[in-house]
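Trainee: I'd like to ask you about the structure that follows.
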Amino acid sequence: MSPFSRRQFLQASVAGAGLVPVFPAFLRAAPADQPVTFAGTDIVPLGKTGIRVSRLAQGTGYSGYNHSSAHTRQGKELFDRLLRHSIAEGITFLDMADLYGSHPFVKDVIKGLPREKFVLLSKLWPRKETWVTPSGGAKAELDRYRQELGTDRIDVCLIHCMQNEKWPEEFKRIRDELSELKEKGVVRAVGVSCHDFGALKVASEHPWVDVIFARINYRGGQDYACDAPVEQLSTVLKAARSRGKAIVGMKIFGAGKLVKPEEKDASLKFVFTQGLVDAITVGMLKPEEVDDTLKRMSQVRAA
């Protein structure tokens, strides 16, 4: 039986088909003897987690707040169109969070598709807000997330938005419950997303952490939505990867500040050829943005 084409895969997702007999060829890793490239649809290891992801993740949280994001606020029809397009093009790493309210939107798109072909990542917001009252742990949250997504497993769960170096003690119960859920197979990998350099440095060394979401681009600094100058970030991220931590880069385009083609290309080349990340997440809002990002990533070559 021949592998599905991209369009056939898209049609299957639109129709809510059942099992796809053969995993599409365009989602398979390139042979080892091919030149080193950084295509967004390459299937790569996520650190030492045993999880393999598309190098580019489809973000769902651009301008996320109060259980919504620009992605969900555009409505179900446009969200579905975007995500189905990303999947059809080979992006199988889906980046979500409770903060974004994106779980039910993703559920409707992936329903009926082979669960093992997707890596579902979500983030647990640990602080009380008007839109959420945390349990203080992780079990209640993960039960709800799985219901919202229609799955029995979240591949990666991160504690969302760490803002200081004290997060391991501050969120110890969450860590303990995530560890218990990991032992039971409810989650496969755990970690944090960082919005502070001190938090990032601790995460880079902490034995509990499998995966780190880190803000990184070729400009660095607060003006470009990073937590420190680029030289400092690079040192910490390289050290973290040497310890087996998986790094997923975010704010690659400076939270919308690096918009010129040459700026986007420079940032992609920097994070990949300098060995700073395993994968990246980009909050692409339109199919055209997906195509543009994939095209730019396909042109990055190892130095």
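The values are calculated or read from the model by the stated rules, or taken from the named source; none is laboratory data. Just so it is clear, the model here is predicted, and its values are computed rather than measured. Methodologically, a virtual Cβ is constructed for each residue, glycine included, from the backbone with ideal geometry; neighbour enumeration extends over all protein chains shown.
Trainee: For the stretch 91-121, name all the residues that are over 26 Å from residue 159 (Cα atoms) and either among the aliphatic types (A, V, I, L, M) or crowded, with 23+ Cβ neighbours inside 10 Å (or both).
Mentor: Hit for the stretch 91-121 is 113, nothing else.
Trainee: Those residues that are out of contact with any strand residue (DSSP E or B) (no Cβ under 9 Å at 6 or more places or on another chain) and free of Cβ contacts under 8 Å to residues at least 12 places away in the same chain, I need them from the stretch 181-217; list them, please.
Mentor: 183, 184, 207
Trainee: Quick check: anything in the stretch 292-300 in a strand (DSSP E or B) and among the charged types (D, E, K, R)?
Mentor: Initially, the stretch 292-300 is screened for residues in a strand (DSSP E or B), giving none.
Scanning the stretch 292-300, I find no residue that is in a strand (DSSP E or B) and among the charged types (D, E, K, R), so the answer is no.
Trainee: Has the stretch 124-133 got any residue that is surrounded by 18 or more Cβ atoms within 10 Å (Cβ to Cβ) and more than 27 Å from residue 48 (Cα to Cα)?
Mentor: no
Trainee: If you take the residues in the stretch 45-63 that are surrounded by fewer than 24 Cβ atoms within 10 Å (Cβ to Cβ) and polar (S, T, N, Q), which one is farthest from residue 119 (Cα to Cα)?
Mentor: 63
Trainee: Related question: Regarding residue 244, is this residue modelled with pLDDT of 95 or more and either within 18 Å of residue 264 (Cα to Cα) or among the basic types (Lys, Arg) (or both)? Steps first, answer last, please.
Mentor: Numbers: modelled with pLDDT of 95 or more: yes; either within 18 Å of residue 264 (Cα to Cα) or among the basic types (Lys, Arg) (or both): no.
No: the conditions fail for residue 244.
Trainee: Within the bounds of the stretch 273-284, is there any residue that is of a type in the set (D, E, K, R) and outside any helix (DSSP H, G or I)? Quick ask: steps written out before the conclusion?
Mentor: Pass one, the stretch 273-284, residues of a type in the set (D, E, K, R): 278.
Next, only the ones that are outside any helix (DSSP H, G or I) stay: 278.
Yes.
Trainee: Among all residue pairs at least 6 apart or on different chains, which show Cβ distances below 8 Å where the first residue, located in the stretch 150-171, is more than 29 Å from residue 115 (Cβ to Cβ) and the second is among the basic types (Lys, Arg)?
Mentor: Hits for this filter: 165/201; 168/175.
Trainee: Then there's this: For the stretch 231-243, name all the residues that are of a type outside the set (D, E, K, R) and without any contact (Cβ under 8 Å) to a residue 24 or more places away in the chain. Walk me through how you get there before you give the answer.
Mentor: Within the stretch 231-243, the first condition is being of a type outside the set (D, E, K, R), and the residues that meet it are 232-237, 239-240, 242.
If the condition is that a residue be of a type outside the set (D, E, K, R) and without any contact (Cβ under 8 Å) to a residue 24 or more places away in the chain, then 235, 242 are the ones that fit.
Trainee: Within the stretch 246-259, is there a residue that is charged (D, E, K, R) and under 24 Å from residue 70 (Cβ atoms)? Please lay out each step first, then the result.
Mentor: Taking the stretch 246-259 as the starting set, the residues that turn out to be charged (D, E, K, R) are 251, 257.
Narrowing the set further to residues that are under 24 Å from residue 70 (Cβ atoms) leaves 251, 257.
Yes, that holds for at least one residue.
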